Amino acid sequence: TIGIGLGSPLFKYTYVSGGLVNLRSDGGGKNKSATQFSINSIWGSPRHLMMTGIDTVASTLNRLGIYQHIPLCIDEITNLKPDVLSKLVYSVSQGEGPNRMKGTENEERINDATWNSAVITSANSDFEGMLSATKATPEGELSRMLQIEMTSNNLSDAVNGELVTTLIENHGVAASKHVPWLISHPDEARDIVTDFISRIRK
């Protein structure tokens, strides 16, 4: 999952605009949020980059348009309704926000909310089971998302707390090395992605 967070800027070298990864477990204490903190710490402040389950789909898509290639983590969306989940999964995979009309004239606004990146959510809900139970044909959503079952890392609460504190106090360092290389080596980055996709298909 952290690899997805680090590799999110490479989405632009594929035909995939975006996809949703859900970190799921029964109950807490399985480091779902800590994993999201780890991803966010690559890019900046783990706390300030995080969205939560109370944020709307519209605000999520707006944030994706701002981040563009930076992965977006949304913590605790356990209570998301199936129809909202379906809308979120499809919207993330389309790579652009919805078109909207201007309020004062019969004309569309310029839609500059676009992205190529991953969205990583955390929940106690089984999204795959939820979609399969409520939709006759959930294949469209299921092909646009990946659900990872989280288990305990067998470390004490104190040690896990220290690790999260370290992430919160030290962040953004990886991006300061990663991003300049990506900007100055676009052809090499594309070749790496193309080769990797080819090996996976084989």
Take segment 157-173 and flag every residue that is at pLDDT 90 or above and of a type in the set (Gly, Ala, Ser).
Ala158
So in segment 184-202, with the set limited to residues that are within 22 Å of the chain's Cα centre (by Cα) and either outside any helix (DSSP H, G or I) or of a type outside the set (D, E, K, R) (or both), which one is surrounded by the fewest Cβ atoms within 10 Å (Cβ to Cβ)?
Ile200
Test for Ser91: is it more than 19 Å from Gly28 (Cα to Cα), modelled with pLDDT of 85 or more, in a helix (DSSP H, G or I) and open to solvent by less than 80 Å² (accessible area, probe 1.4 Å):
yes
So for segment 176-183 (the condition being over 22 Å from the mean Cα position of the chain (by Cα) and surrounded by 12 or more Cβ atoms within 10 Å (Cβ to Cβ)), does at least one residue qualify?
no
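The values are calculated or read from the model by the stated rules, or taken from the named source; none is laboratory data. What you see is a predicted model; the values in this text were computed from it and never measured. Because the Cβ atoms are built from the backbone with ideal geometry, glycine has one as well, and the counts that use them run over all protein chains shown. Areas reflect the complete protein model, heavy atoms only, side chains present, ligands, DNA and RNA absent. Shrake-Rupley method; radii C 1.70, N 1.55, O 1.52, S 1.80 Å.
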